[in-house]
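**Student:** Starting off with a structure, shown below.
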Amino acid sequence: MKKDIITLAIETSCDETAAAVLKNGRHVLSNIISSQIEIHKKFGGVVPEVASRKHIENINLIIQNALDDAGIALDNVDNIGVTYGPGLVGALLVGISAAKALAFGKDIPLVPVNHIEGHIYANFIEYPELEPPFVCLVVSGGHTHLVYMKDYGDYELLGRTRDDAAGEAFDKIARALGLGYPGGPLIDKLAVIGNKNAVDFPRAYLEEGSYDFSFSGLKSAVLNYLNSSKQKGEDISIEDVAASFQQSVIEVLTEKAIRAAKQMNSNTIVVAGGVAANQGLRDMLTERGKKEGLDIRFPSRILCTDNAAMIGCSAYYNFINGNMAGLDLNAEPNLKLEDRIKQSL
Ligand code: KG4
Ligand code: ZN
């Protein structure tokens, strides 16, 4: 019988200290996430220095919890996957250092993982039968990409945001509405009760045929609307603004993702990243996709936002394809999805 491959995965690219253990890449044995949201909330966003310090305090405990929860001893781990970019450099370095120490101490192969790629792989955990190729919409706090995933580790970038990421736009508008951080889930909740047609905010489709995105014009339009209503002494409905703003974002995401799938002759669209948790986007893309005969996949919410299980799944495929790192692995804060893993043993 073939031996199971056990992966220990570590994720510290932003404000979640996370570790997970997986069997054969897609079977999650444990998935521990320690969120720092409560700490960063009072600053209205992630403070990089604070994030690094909290990762240092938590990382060893979180890794031990992940192993204990999975009932796996470190001696039985076959590879250690770690996010090496993109992300906050100080935060990334904590996870990388922990992973290197364990890899060196126990002589376990070290596997570098691209965080954006990890988000996509959350879908392989959710849907054990899912295989590339497919079109993927990656929408998170730092990234908005429309890609064609040809094979494991092989991507064609179709479009990306030219300014703010989708999640960043949600966070900025939430702040302007006085809602707090992170804004996405709060706007999502208000949008359910608000009227999505109350304010006609712009949709940025850009040049004909473009798969790029832009959210800065929409952000200005919402801020202008709020300011001019205030100047005129008019009451605004926060729920209506939230719903109308969200509608503008998700319509463009949905329309471009469906157009990309048609152009690439792909009957599957996979969505990934924190904004994939958005109920409005889930409903709209599922409904419109169905009309077009497309198969639309979203990971469950716990796998949408940052976690180490998705990093472990991505590490597994790198490991079996021989994409490993040496102990000189460094953080790459600006790593791109299209950058193929360079380190190879
Ligand atoms: O993927 P993620 O956890 O971190 C990054 O890699 O960036 O994404 C976090 C982003 C935040 O901007 C947050 O506001 C957004 O995802 N987000 C949402 C929702 N849940 C999280 N945006 C819209 N609707 C949601 N339900
Ligand atoms: Zn992320």
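**Student:** Do the conditions hold for Lys196, that is, is it away from ligand 2 (no atom under 15 Å from the Cβ), over 15 Å from Leu253 (Cα atoms) and touching a residue at least 24 places away in the same chain (Cβ under 8 Å)?
**Tutor:** So Lys196 fits the description; yes.
**Student:** Another one. Tell me which residues, restricted to the range 68-90, are under 16 Å from the mean Cα position of the chain (by Cα) and buried (at least 24 other Cβ atoms within 10 Å of the Cβ).
**Tutor:** Selection gives Val82, Thr83, Tyr84, Gly87.
**Student:** Quick one: in the range 249-260, of everything that is in contact with a Phe, Trp or Tyr (Cβ under 8 Å, 6 or more places away or on another chain) and under 15 Å from Phe134 (Cα atoms), which residue is nearest to ligand 1 (Cβ to nearest atom)?
**Tutor:** Within the range 249-260, the match that is nearest to ligand 1 (Cβ to nearest atom) is Lys256.
**Student:** Restricting attention to the range 5-28, which residues are crowded, with 20+ Cβ neighbours inside 10 Å and either more than 14 Å from Gly81 (Cβ to Cβ) or at pLDDT below 95 (or both)?
**Tutor:** Cys14, Asp15, Glu16, Thr17
**Student:** Every residue in the range 89-125 that is closer than 19 Å to Glu338 by Cα and among the acidic types (Asp, Glu), please.
**Tutor:** Scanning the range 89-125 gives a single hit, Glu117.
**Student:** Quickly run through the range 54-67 and pick out the residues that are crowded, with 16+ Cβ neighbours inside 10 Å and without any contact (Cβ under 8 Å) to a residue 40 or more places away in the chain.
**Tutor:** Listed by number, the residues that qualify are Lys54, Ile56.
**Student:** Among the residues of the range 48-71, are any assigned to a loop (DSSP other than H, G, I, E, B) and more than 15 Å from ligand 2 (Cβ to nearest atom)?
**Tutor:** yes
**Student:** Quick check on my filter: what residues within the range 279-327 are in contact with a helix residue (DSSP H, G or I) (Cβ under 6 Å, 6 or more places away or on another chain) and closer than 20 Å to Asp154 by Cβ?
**Tutor:** Arg297, Met310, Ile311, Cys313, Ser314
**Student:** Separate question: For the range 1-31, which positions are within 16 Å of ligand 1 (Cβ to nearest atom) and among the hydroxyl-bearing types (Ser, Thr, Tyr)?
**Tutor:** Selection gives Thr12, Ser13, Thr17.
**Student:** For the range 187-203, what are the residues that are surrounded by fewer than 19 Cβ atoms within 10 Å (Cβ to Cβ) and either in the same structural domain as Gly44 (by TED's automatic domain parsing) or under 24 Å from the mean Cα position of the chain (by Cα) (or both)?
**Tutor:** Correct list: Lys189, Val192, Arg203.
**Student:** If you take just the helices (runs of 4 or more DSSP H) that sit entirely in the range 190-303, which of them hold at least 3 residues that are closer than 22 Å to Ala122 by Cβ?
**Tutor:** 238-263, 279-291
**Student:** Just give me the residues in the range 142-162 being surrounded by 16 or more Cβ atoms within 10 Å (Cβ to Cβ) and farther than 13 Å from Tyr211 by Cβ, in sequence order.
**Tutor:** If the condition is that a residue be surrounded by 16 or more Cβ atoms within 10 Å (Cβ to Cβ) and farther than 13 Å from Tyr211 by Cβ, then Gly142, His143, Met149, Tyr152, Gly153, Tyr155 are the ones that fit.
**Student:** Can we say Arg288 is basic (Lys, Arg), surrounded by fewer than 24 Cβ atoms within 10 Å (Cβ to Cβ) and within 15 Å of ligand 2 (Cβ to nearest atom)?
**Tutor:** Answer is no for this residue.
**Student:** Pairs needed: first member in the range 165-184, closer than 15 Å to Lys41 by Cα and assigned to a loop (DSSP other than H, G, I, E, B); second member anywhere, small (Gly, Ala, Ser) and more than 8 Å from ligand 1 (Cβ to nearest atom); C-beta distance under 6 Å; at least 6 residues apart or different chains.
**Tutor:** Short answer, once both residue conditions are applied: Tyr181/Gly44; Tyr181/Gly45.
**Student:** Then there's this: Checking the conditions here, which among Ile258, Ile311 is in the same structural domain as Arg26 (by TED's automatic domain parsing) and either at pLDDT 95 or above or within 30 Å of Ile108 (Cα to Cα) (or both)?
**Tutor:** Only one candidate passes the filter, namely Ile311.
**Student:** On to the next question. If a residue must be within 16 Å of the chain's Cα centre (by Cα) and more than 16 Å from ligand 1 (Cβ to nearest atom), how many such residues does the range 261-288 contain?
**Tutor:** Residues in the range 261-288 being within 16 Å of the chain's Cα centre (by Cα) and more than 16 Å from ligand 1 (Cβ to nearest atom): 1 in total.
**Student:** For residues that are without any contact (Cβ under 8 Å) to a residue 40 or more places away in the chain and loosely packed, with under 15 Cβ neighbours inside 10 Å, tally how many sit in the range 218-228.
**Tutor:** 4
**Student:** Moving on to the next point. Does Ser140 count as in contact (Cβ under 8 Å) with a residue 24 or more places away in the chain and either within 15 Å of the chain's Cα centre (by Cα) or within 27 Å of Asn334 (Cα to Cα) (or both)?
**Tutor:** Answer is yes for this residue.
**Student:** Looking at Gly293, Gly322 in this structure, which one is of a type in the set (Gly, Ala, Ser), on the phi > 0 side of the Ramachandran plot and without any contact (Cβ under 8 Å) to a residue 24 or more places away in the chain?
**Tutor:** Every option except Gly322 fails the conditions.
The values are calculated or read from the model by the stated rules, or taken from the named source; none is laboratory data. If you're wondering where the values come from, they're calculated on a predicted model, not measured in any experiment. Every residue, glycine among them, receives a Cβ derived from its backbone with ideal geometry; neighbour counts consider all protein chains shown.
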